[in-house]
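What follows is calculated from the coordinates using simple rules that are stated; it is not laboratory data. Note that the coordinates shown come from a computational prediction; the quantities given were computed from them, not determined experimentally. Glycine gets a Cβ as well: all are built from the backbone with ideal geometry, and neighbour counts include every protein chain shown.
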Amino acid sequence: MVTTANQASLAPEGLDAAIRQALTEISQFTSTAKFQNLLQELYDLPINDRARFVESVIIEDSALRSRGIDTPQGMIVQRSAFGDKRPTLFCVTKYLPPGYQWKKVTLTFDSYTVPQAPPQSAFTPVNRIG
């Protein structure tokens, strides 16, 4: 059986590389000084004012551009909600190339008032040796 280049890229290791690339691109975008300043402005607001700021500034392309923030092609800044009821304000999403079972990579920004430490179980190794 002959494997085409496209089939090889859709193999699990191709998916892993695509996810890593998308996450890197999202991280580079959200780590810029201008985006970090925007986040600081958001988190300096009282909790009850944050959703309005997200609606009027963060998910509005023209408002972002006026602050010198250009959302990279292929990324979306949008509102989101999850079934676990976490206090998500917005997310940055990058869709993966067509053909993968996994469709997108998303980085969410939540409205915690105090930085939350991950639960201790988050640090428990999945595969223990010995």
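Of note:
- Of the residues making up the range 27-54, those that are surrounded by 13 or more Cβ atoms within 10 Å (Cβ to Cβ) and closer than 14 Å to Phe90 by Cα are Thr30, Phe35, Leu38, Leu39, Leu42, Tyr43, Arg50, Ala51, Phe53, Val54.
- Residues that are within 14 Å of the chain's Cα centre (by Cα) and surrounded by 14 or more Cβ atoms within 10 Å (Cβ to Cβ), drawn from the range 77-103: Val77, Ser80, Thr88, Leu89, Phe90, Cys91, Val92, Thr93, Lys94, Tyr95, Leu96
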